[in-house]
Every structure is written in structure tokens, then in C-alpha cells.
Amino acid sequence: MKKLSLVFVICCVGLICKSNNENKNNSVYVQFLSFINPTLPTINYERIIWVRNSVGLGFSAGAVSMEDLGIFPKYSGSLLLGGPKHFFQPEIINIGRGFILFVFDYKFHAKNGFYVKGGITTRVGVVPNLGVGFSF
């Protein structure tokens, strides 16, 4: 029931909020959540709902490879601040069954839709992360 109510709230927010023409709403990206063992490579789709010109809510789903353990689903929610080229993006990521990561990224968007993001991932310690993607 909680998941159904969360989906309903996300849909309502998406209908109420006006999309910003300058910022893209959809993106596909690859991200390495850690450069220390394990590397945690991910592939994701992200949908951004722009609340204001410089504030957006990001929701993403994808998959993460956890070396010997296999491939797990990845879900995240984030807040985008800034724009149209430079963003700060704090993010909460849920991997598999309750494995939670906190990510703090800087994101640079080029006019052609390409972007790069990098920052730190926290769980037990602080490790760097890096991602590249394309917005459309």
C-alpha cells in the first residue's frame, strides 16, 4: 500500500509541476558509485520533475552489479539545485534489499544533452564516484 501511495503522489506532483523548457526531463546514464573495491557500476534511467527553474526532483531506476553477489535493482530519489549547466545533486539510493547509500554529486550539463557527474558516496566511509550520461 505504501508503494501505491508513493506512485500516486509522484504522478500528482508530475501533473501539477510545469516542465522547464531549458532543462531536460529524462536521462540515461552510467555511474560508478565507488572506485574502491567494490566498484559498484550502475546503469540508470532518471526522470526529473522541475518544481522551479533551478529546483528539480529526480527519480531513477536501474541496475547495479555487486561483483560476486550478482545484479540488483537500484532506486533513488534526488534533489537538483542550480542550472541550466551546473547542478548540485544530493541523492538517496536503495540497492537490493535495504542497502542504502547517500551520494552528493556535482553535475555539469552541456547544451547537446551530454553530462558528467562526480562526487562522493557515503555508507561506512566516503569514496569518490563518477558518472556520464545523456539528457533528452
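Per the conditions (1) hydrophobic (A, V, I, L, M, F, W, C); (2) on the phi < 0 side of the Ramachandran plot; (3) at pLDDT below 95; (4) touching a strand residue (DSSP E or B) at 6+ places or on another chain (Cβ under 7 Å), the sole criterion not satisfied by Val124 is (4). Pairs linking a residue in region 65-92 that is under 18 Å from Ser27 (Cβ atoms) and in contact (Cβ under 8 Å) with a residue 60 or more places away in the chain to a residue that is surrounded by fewer than 17 Cβ atoms within 10 Å (Cβ to Cβ) and among the polar types (S, T, N, Q), with Cβ atoms under 6 Å and 6 or more positions apart or on different chains, are Gly83/Ser54. Within region 64-90, which residues are closer than 18 Å to Leu33 by Cβ, in contact with a strand residue (DSSP E or B) (Cβ under 8 Å, 6 or more places away or on another chain) and outside any strand (DSSP E or B)? Residue satisfying the conditions is Met66 alone.
In region 24-61, of all residues being more than 15 Å from the chain's Cα centre (by Cα) and under 15 Å from His109 (Cα atoms), the one that is modelled with the highest pLDDT corresponds to Ser54.
When you scan region 97-114, do you find a residue that is over 10 Å from the mean Cα position of the chain (by Cα), more than 19 Å from Asn26 (Cβ to Cβ) and not in a strand (DSSP E or B), even just one? The answer is yes; a qualifying residue exists.
The values are calculated or read from the model by the stated rules, or taken from the named source; none is laboratory data. All values reported here derive from a predicted model rather than from experimental measurement. Neighbour counts are summed over all protein chains in view; Cβ atoms, including those assigned to glycine, are modelled from backbone coordinates with ideal geometry.
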